[in-house]
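The values are calculated or read from the model by the stated rules, or taken from the named source; none is laboratory data. What you see is a predicted model; the values in this text were computed from it and never measured. Glycine also receives a Cβ, built like all others from the backbone with ideal geometry; neighbour counts cover every protein chain displayed. We work out accessible area using only protein heavy atoms, side chains counted, and drop any ligands, DNA or RNA first. Shrake-Rupley method; radii C 1.70, N 1.55, O 1.52, S 1.80 Å.
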Amino acid sequence: MRALWPGGRQPAGVTVKLNVYDLDSPGNEFLSALGLGLYHTGVEVDGREYSYGAGYGIGDARPRSAAQNPGVARFRGSYVMGQAESLQALGRAVDELRGRFPASAYDLVQRNCNHFTDALVFALCGRHTPGWVNRAATVGSCVACLVPVVWPREEKLMAVQAMTALPCASCERLGSAATSPNFGRSVLGCIKI
């Protein structure tokens, strides 16, 4: 038997919001002005905010609680991304994403909180988060050999082989892209040492 809602029809869905936080990193205001800001994101649904991070994987908390850590992040804004079918759809999506986003797989460039929120919003609403949210990581993937990574067991930033003469995997993926006419539009290229 189907439950009736007030007015005789079921609600259209559950609102899905993307909460964006400015990371309090040196130079982030300057980078934001260039369109390369550093952000943390979470997906807010029905009074809970879902996010992904090193050391804990996928978790949920009160909305906007990431901004309660002075010196770490400041709330930038909340953006309605659409409607989820139901809270059950949210549960299914989060369960499916746990396999793709384990705590041990966190990476600042290849698998961060913004990648997770994009995947969750897409699973719930069929659309992607705005490109500017994770643009720094996208550009960083071109110079991954110079970007610090988070080691899950130590939960701190560490420099990674920045002075290596070998190109990183991202650079090898680019192949001849750096010499193509569209180079400036698609990638910045890797810095050769």
Those residues that are more than 20 Å from residue 63 (Cα to Cα) and either touching a residue at least 40 places away in the same chain (Cβ under 8 Å) or in contact with a Pro (Cβ under 6 Å, 6 or more places away or on another chain) (or both), I need them from region 124-133; list them, please.
126, 127, 132
Enumeration of residues in region 90-123 that are open to solvent by 20 Å² or more (accessible area, probe 1.4 Å), farther than 30 Å from residue 25 by Cα and in contact (Cβ under 8 Å) with a residue 12 or more places away in the chain:
96, 123
For region 34-61, how many residues meet the condition of being among the hydroxyl-bearing types (Ser, Thr, Tyr) and either under 14 Å from residue 133 (Cβ atoms) or modelled with pLDDT under 90 (or both)?
4
Looking at residue 36, is it outside any strand (DSSP E or B) and in contact with a Gly (Cβ under 8 Å, 6 or more places away or on another chain)?
no
Among the candidates 64, 92, 98, which residue alone is under 22 Å from residue 130 (Cα atoms) and among the charged types (D, E, K, R)?
64
Qualifying helices (runs of 4 or more DSSP H) (wholly inside region 86-169; at least 1 residues being at pLDDT below 90 and not polar (S, T, N, Q)):
135-140
